[in-house]
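Derivation of every value follows stated rules applied to the coordinates shown; laboratory data play no part. Keep in mind it's a predicted model, so treat the numbers as computed, not measured. Note: ideal-geometry Cβ built from the backbone for every residue, glycine included; neighbour counts use all protein chains shown.
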C-alpha cells in the first residue's frame, strides 16, 4: 500500500510546489505581468472612524475588478481609522454560492460589526441577509443598485453609460459606418444595462447594429465560450465591422475567433470592462479599445458613503453614482497605469 | 498468486465482445448517414454551412474536444470515466504559463506540460484507481476540483497572456489550406486507432472492459491497462489544453471546464457503452460530428441560446435510448 501511494503523493506535492513557485497568490499583478507582495494594512488610529469594524461581503476571490473595489474601499476606510475584513460568497467547497452571502452577513451581525458592505451576486438571494442587517440595526450598503434592496446606501454603477461610451468609441474606430454587434454575458442587471448602452452607443456612432445580444451570450463567462459565440457572430454577419464584448475574457475569446475566421483585420473589437490583459491586447493591435472603469474609485466612493452613515448622517436607500471610467485605444494606451500602480495593494484580513 | 503477462502471452486473451465487427460498422454507417443527412437538409436554409473556410474553422475549433474525446473513449471502454479532462485542459494552460515565464524553450514547454498531464493520469488517477481500489468517479472528481483550484493559484485568478510561437502555429497555422489543429487531431486519431485496434494493448482494453475478472484470469495485467488508459486520457486532455491555449493566446482560469461533458456526450453518442467493453474511436468521431452539425444548425438558425444545452441533452437521451432498445431487442 505504502509503495503505490508514494507516487501519487509525490506527484501531488510536485504539482503544488510547481503551482506555488510561479504564483502571486500573496501578491498583486504588476505592469510587467509579474507580481509584487501586498503591503500591510495601515489604519489611522486617529481617523474619524477609529475603532469601527466594517465587514465586506465580496463576490469571489481572484477577480481583478472585485479586487480593485475591495482595495479602494479598504484603503479609504483604513485612512479614516476603520478596519475592514473581506469575506466571499463561497460555499464549503469553495464554489460560488448565492446563499453564502446571507451566511456571511449573519456572521458579521453576530460579530457585532459596525457596518456591512456587500457586492450582491443576486438581489433576491441576498435579500434575507439585508433584512437581517436592517433588523439588527447595522447599516448595510451594496455595490450596484439592484432589485430594490432596502439598504442604507448603494453605489450605482454607470453601466449603461460605460456601454454607450464603449460603443460610441468603437464606432469611431470602425469609421462610423457598417454593421456592428454586441456579445453579451450572463444576464445580470449590470451586464444588461451595459449591453443596452453599447447598442445605443454603436447606433449613435453611425453603425447598424445586427444580431440579437440576448442570443449572443457568453454564458460560461470564459474565453473559450466567447470564442465559440463570436465565431457564430462572424459567420452570420460576414460584413461585420465592429464587435463590442462585455468583459476581458470575452475579448480574449473574440480575438481568437476573429483570427481563426480570418476577419481580424476587418473587425474591430472593444470591451466594456477591460483589465490589464486587454491593455496588452491593445498594444499588440488585436484589440481596438478597452473601457477601464477604475474599480479603485468605486471602492473609494463606497467608503465615502459608509463614512457618512457612521458619522451620524441619516441615510435611507441613499444612491450615489460611481464615477465614470475611461476608454483606452492605441492612441492613449501609453497613459494607462495598472490599478496596482495607482494604489498600493494591501493585505485585507478575512476576520477581525 | 500474482499473474503477470508479457505482450507475447496475449493469445489467451478472449476476443472482445464488440470492437469493430460488422454490426458496429453497419451502425456507424447509419450514424454517418444521419450526420450527412442533417447537414444536407440544413444546407438550403443556412448558407453559412456552404462556406469551406467556415467549416474548416469549426473543425479546427472542435479538434481539441475530439482529441479529448478520443482519450475518454479508452477510459470508458475499459469501464470508467475521467471527470477531470476539462480541468486538465485548463490546467495544462496554467503549466505552460509557468514554464514560459521561466523562459524555457517552446519545445521543452510542450514536453514538460504533456509529461505533467501524463504523470497525473498514470500516477494519480491510474494508480489510485487500479492499485488503490478507489472509485474512478471519486478520484477524478477530486482532480476536477483540485486542478482548477491550482490553475487559479497559478494565474492569480485572472487570465494571463502567453506568448509561445510554437503553440501559436500549432493552434492557428495551416498546411495546404488545412488548419493545423485538424491535422493534429487526425494524427492523434490515427495513432489512437492503431493502438486500440491493432495492438495487444487495445485488445486488452476491450477484454478488461468486457469482463475484468475474466481478463485477469486470462493473464491480462488489468491494473496496468487501467493505468495506461487514464494516462492516455490525461495526455489527450493535455494536447487539447495546448491547442486551446494556442488559440486563445492566453491562459484562462476557467478554460476547459465543461468540455469534459461535451466530449463524453460525443463518446456516448458514438455508441461506446458506460458498462465498458464496447465502443470505437470512429463512433466517437461521428458522435462529435453529429454534435457539431447540431450545434451549428441550432446557433445559426437563431434558436434561443438558453435552449441549446437542453436540446443536446435530449438528443443524447434519445440516441442512447434507441441504441439500448435495439440491443435489448
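Please rank B:290, A:157, fewest neighbouring Cβ atoms within 10 Å first, as an exposure proxy.
A:157, B:290
Based only on other Cβ atoms within 10 Å, what is the fewest-to-most ordering of B:198, A:127, A:86, A:162?
Lowest count first: B:198, A:127, A:86, A:162.
What's the angle, to the nearest 10 degrees (0 to 90), between helix A:2-21's Cα axis and the longest principal axis of chain A?
80
Please tell me the relative contact order of chain B in percent, rounded to the nearest whole number, where contacts are Cα pairs under 8 Å and at least six residues apart.
Relative contact order, chain B: 34 percent.
Under 18 Å from a point placed 7 Å out from the Cα of residue B:33 along the Cα-to-Cβ direction: which residues of the range B:285-329 have their backbone N that close?
B:286-287, B:290, B:319, B:322-323, B:326-327, by backbone N distance to the label point.
So if R0 is 41 Å, what FRET efficiency would residue A:311 and residue A:91 give, r being the distance between their Cβ atoms, rounded to the nearest 0.05?
Step by step, r from the Cβ atoms, then E = 0.70.
Could you check how many percent of all C-alpha pairs in chain B are farther apart than 25 Å?
52
Roughly how tilted is helix A:189-204, in degrees to the nearest 10 and between 0 and 90, from the longest Cα axis of chain A?
Around 30 degrees separate the two axes.
For residue B:324, put the label point 7 Å out on the Cα→Cβ axis and report which residues of the range B:273-308 keep their amide N under 14 Å from it.
Within reach of a label on residue B:324, which here means backbone N under 14 Å from a point 7 Å along Cα→Cβ, the range B:273-308 contributes B:273-276.
Roughly how far apart, in whole Å, are the Cα centres of the range B:150-195 and the range A:250-273?
When both Cα centres are located, 19 Å separates them.
Can you tell me which of A:150, A:316, A:159 moves the most in a GNM of chain A? Springs connect C-alpha atoms under 10 Å apart.
Maximum among the listed residues: A:316.
Nearest 0.05, what FRET efficiency do residue B:166 and residue B:102 give at R0 = 22 Å with Cβ-Cβ as r?
Once rounded, the FRET efficiency stands at 0.90.
When Cβ neighbours within 10 Å are restricted to other protein chains, what is their mean count per residue of peptide A:221-229?
Mean partner shielding for this stretch: 6.
Using C-alpha positions alone, give me the convex hull volume of the protein assembly as shown per residue in cubic angstrom.
Hull volume normalised by residue count: 168 Å³.
Ranked from highest to lowest mean number of other Cβ atoms within 10 Å per residue, what is the order of the peptides A:110-120, B:183-193, A:64-74?
My ranking of the peptides, most packed first, is A:64-74, A:110-120, B:183-193.
Please report, to one decimal in angstroms, the Kirkwood hydrodynamic radius of the range B:78-199 built from all distinct Cα-Cα pairs.
Hydrodynamic radius (Kirkwood, Cα pairs) of the range B:78-199 is 16.2 Å.
Nearest 0.05, what FRET efficiency do residue A:337 and residue A:122 give at R0 = 41 Å with Cβ-Cβ as r?
Calculated value: 0.80.
Taking the Cβ of each residue in A:152, B:199, A:188 as the centre, tally the other Cβ atoms inside 10 Å and list the residues starting with the fewest.
By the 10 Å Cβ count, ascending: B:199, A:188, A:152.
Let me know the whole percent of all Cα-Cα pairs from chain A that are separated by more than 29 Å.
Roughly 45 percent, rounded to a whole number.
Counting pairs of Cα atoms in the range B:134-198, how many percent are more than 13 Å apart?
77
Label-point separation (nm) for residue B:55 and residue A:283, each offset 7 Å from Cα along Cα-to-Cβ?
Simple spin-label model gives 4.2 nm for this pair.
So what does log10 I(q)/I(0) come out to for the range A:218-305 at q = 0.22, 0.25 Å⁻¹, using the Debye formula with one equal point on every Cα and no solvent?
Debye curve over Cα of the range A:218-305, log10 I(q)/I(0) at q = 0.22, 0.25 Å⁻¹: -0.97, -1.19.
Please report the spacing between the Cα centers of the range A:107-137 and the range B:212-231 in Å, no decimals.
56
What is the distance in Å between the Cα centres of the range A:144-202 and the range A:295-352?
19
Grab the eigenvalues of the alpha-carbon gyration tensor for the range B:208-249, scale each by 5, take roots, and send me the semi-axes largest first in whole angstrom.
34, 8, 4
Could you work out the mean projected area of the convex hull around the alpha carbons of the range A:127-257, in square nanometres to one decimal?
8.4
Sort A:270-283, A:172-185 by the packing proxy (mean of other Cβ within 10 Å over each peptide's residues), most packed first.
By packing density, highest mean first, the sequence is A:270-283, A:172-185.
Using only atoms on other chains, find how many Cβ atoms lie within 10 Å of each Cβ of peptide B:125-132 and report the average.
Mean shielding count: 3.
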